[in-house]
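Chemist: Here it is, the structure, as structure tokens.
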Amino acid sequence: MTIEQKKEHILRCVKLGMDSYASYIVATCTVKEINALDTDSEFQALIEQQYKIAEYQLLRDHEIAMRIAVNRGNAN
């Protein structure tokens, strides 16, 4: 697998909620590749972006669930 393919795989894992180091392992990165990826500021920004997107989606889903619960009388 090329490093670009590994980057795509890492980002998919991060989207699923995996931390970056675990994603590196799943993508079969070597120690040298992990060190390079950790110092790649553009790639780290993409990872951070995926974490923030996932956080937003969870908060949005929580808000929807709360509205449903309030409408059903299951929440205060």
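Chemist: Out of (1) open to solvent by 90 Å² or more (accessible area, probe 1.4 Å); (2) within 14 Å of His9 (Cβ to Cβ), the odd one out for Arg72 is which?
Modeler: Failing condition for Arg72: (2).
Chemist: Here's another thing I want to ask about it. Hey, Ala54 hits all of (1) in contact with a helix residue (DSSP H, G or I) (Cβ under 7 Å, 6 or more places away or on another chain); (2) in a loop (DSSP other than H, G, I, E, B) but one; which does it fall short on?
Modeler: Every listed condition holds for Ala54 apart from (2).
Chemist: Continuing with the same structure: Please go through segment 11-32 and pick out each residue that is open to solvent by 30 Å² or more (accessible area, probe 1.4 Å) and of a type in the set (Phe, Trp, Tyr).
Modeler: Residue satisfying the conditions is Tyr21 alone.
Chemist: Same structure, new question: On the given criteria, is Ala45 modelled with pLDDT of 95 or more, open to solvent by less than 70 Å² (accessible area, probe 1.4 Å), out of contact with any Cys (no Cβ under 7 Å at 6 or more places or on another chain) and assigned to a helix (DSSP H, G or I)?
Modeler: It is true that Ala45 is modelled with pLDDT of 95 or more, open to solvent by less than 70 Å² (accessible area, probe 1.4 Å), out of contact with any Cys (no Cβ under 7 Å at 6 or more places or on another chain) and assigned to a helix (DSSP H, G or I).
The values are calculated or read from the model by the stated rules, or taken from the named source; none is laboratory data. Every value quoted in this text rests on a predicted model; they were computed, and no experiment measured them. Here Cβ is always computed from backbone atoms with ideal geometry, including for glycine, and neighbour counts include all displayed protein chains. These accessible areas exclude ligands, DNA and RNA; they are computed on the full protein's heavy atoms, side chains included. Shrake-Rupley method; radii C 1.70, N 1.55, O 1.52, S 1.80 Å.
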